[in-house]
Amino acid sequence: MEFTDLVEDRRSVHDYADADLDRETIEAILREAVYAPSSYNLQPWEFLVVGEDANRERLQEVAYGQPQVTDAPVTLVVFGRLDPAAHVDRVLADQVEKGYRDEASAAATRESIEAMREYPEAERRVWTAKSTALAAMSLMFAARERGVATCPMGGFDAEALVEEFAVPDGYEPVMLVTMGYAAEDADDETLPRKFRRPVEEVTHFETFEPETADVGT
């Protein structure tokens, strides 16, 4: 599929067919998702794949009862690691080995990354959410390219989710992504695409000051 078609055709689907999504397909989608960019290439994302009926029902409970959590054959919980330096050794060693940095640059970068551990938790939560959201978007594009529908969801009780699924300390649930094959009559697939604000309205060149020429004429 051409990228322009992929972007324009992707929808957030709420109605799913009664069809399983096999593990091979899920893993193929995730293998492409993890090519997303991230701060310092630290890749703070991790994914919990929830597909068993009982576990989807547990997840639905902490997602305010939203029906697509159990209608879809799989829901992924997208997590961000709150420790910026969790993978710093592997990341910097790889960059030195491949010629992206020399040892001195890697040492200086390590200091900067380890200093981020002292940031307030709220700042680290924002940091990990930024990179993790890029991986989630890549995941949705990779799924669409295979004919698999998705829907990102921000409506869930993060504390209850962590408790219900015994998530270790240091992980931030960023979003849920339902995933499966769209129902044939799914509105999100059959109706015209929803409104998008035009580029001229959302884009500012050099300054946020509004252009006043011809306004009101």
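The values are calculated or read from the model by the stated rules, or taken from the named source; none is laboratory data. Predicted model, so just to flag it, every value in this text is computed and none were measured. Every residue, glycine among them, receives a Cβ derived from its backbone with ideal geometry; neighbour counts consider all protein chains shown. Surface areas here come from the heavy atoms of the whole protein model, side chains and all, with no ligands, DNA or RNA. Shrake-Rupley method; radii C 1.70, N 1.55, O 1.52, S 1.80 Å.
Listed by first and then second residue, the pairs with beta-carbon distance under 8 Å, at least 6 apart or on different chains, first residue in segment 2-27 and in contact (Cβ under 8 Å) with a residue 60 or more places away in the chain, second assigned to a helix (DSSP H, G or I) and hydrophobic (A, V, I, L, M, F, W, C), are L6/F141; V7/F141; R10/M140; R10/F141.
Which is open to solvent by 70 Å² or more (accessible area, probe 1.4 Å) and either modelled with pLDDT under 95 or assigned to a helix (DSSP H, G or I) (or both), of V162, V126? Before the answer, list the steps.
Values: V162 fails: open to solvent by 70 Å² or more (accessible area, probe 1.4 Å).
One residue alone meets the criteria, V126.
Scanning segment 146-155 for residues that are crowded, with 20+ Cβ neighbours inside 10 Å and assigned to a loop (DSSP other than H, G, I, E, B) yields one hit, V148.
Only residues that are over 21 Å from A143 (Cα atoms), in contact (Cβ under 8 Å) with a residue 24 or more places away in the chain, open to solvent by 40 Å² or more (accessible area, probe 1.4 Å) and part of a helix (DSSP H, G or I) were counted in segment 56-93, giving 2.
Only one of these is more than 13 Å from the chain's Cα centre (by Cα) and without any contact (Cβ under 8 Å) to a residue 12 or more places away in the chain: E145, E121, E163, E114. Name it. Reasoning before the result, please.
On the way: E145 fails: without any contact (Cβ under 8 Å) to a residue 12 or more places away in the chain; E121 fails: without any contact (Cβ under 8 Å) to a residue 12 or more places away in the chain; E114 fails: without any contact (Cβ under 8 Å) to a residue 12 or more places away in the chain.
Unique residue meeting the criteria: E163.
I'd like to verify a number: residues in segment 2-55 that are open to solvent by 80 Å² or more (accessible area, probe 1.4 Å), on the phi > 0 side of the Ramachandran plot and either assigned to a loop (DSSP other than H, G, I, E, B) or in contact with a strand residue (DSSP E or B) (Cβ under 6 Å, 6 or more places away or on another chain) (or both), how many?
Residues of segment 2-55 that are open to solvent by 80 Å² or more (accessible area, probe 1.4 Å), as a first pass: 2-4, 8, 18, 20, 23-24, 31-32, 35, 37, 40, 52-53.
Narrowing the set further to residues that are on the phi > 0 side of the Ramachandran plot leaves 40.
From what is left, the residues that are either assigned to a loop (DSSP other than H, G, I, E, B) or in contact with a strand residue (DSSP E or B) (Cβ under 6 Å, 6 or more places away or on another chain) (or both) are none.
Qualifying residue count, segment 2-55: 0.
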